[in-house]
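The structure appears below as structure tokens.
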Amino acid sequence: MIAVHPSRCPHGSPTTRLGRVSEQAAEPTAPESCAACRGSGSVISNLGGEPHPLACPWCDGGGVVLGGHDAQAHWRAQQPSERA
């Protein structure tokens, strides 16, 4: 296992391989649109034989990417016998 430690420049401030680390907070960025629903918040499911709209499981219907969100967590939590 390789341990990674931040290096320090001669002045004592943290650095990265790309240069000095900024002491100021980064500017907020615009939310990224969900690729699965193209930002609409809904998808069409063909489960059950008939197409029907439902809230996008990747963005929970919000239309924007949710960091660290797992769209498959609901299905993994169920027991195999419940998935029928």
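The values are calculated or read from the model by the stated rules, or taken from the named source; none is laboratory data. Model, not experiment: these values are computed from the prediction. With ideal geometry, Cβ positions are generated from the backbone for all residues, glycine too; neighbour counts draw on all protein chains shown.
The table that follows gives values for the structure above.
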| item | result |
| --- | --- |
| The range 63-75 residues that are exposed (fewer than 13 other Cβ atoms within 10 Å of the Cβ), paired with ones that are of a type outside the set (Phe, Trp, Tyr) (beta carbon under 6 Å, 6 or more apart) | none |
| Hits in the range 16-35 - residues which are modelled with pLDDT under 90 and surrounded by 13 or more Cβ atoms within 10 Å (Cβ to Cβ) | PRO31 |
| Total residues in the range 36-54, condition of a type in the set (Gly, Ala, Ser) and free of Cβ contacts under 8 Å to residues at least 12 places away in the same chain | 3 |
| SER13 modelled with pLDDT of 90 or more, over 15 Å from the mean Cα position of the chain (by Cα) and surrounded by 10 or more Cβ atoms within 10 Å (Cβ to Cβ) | no |
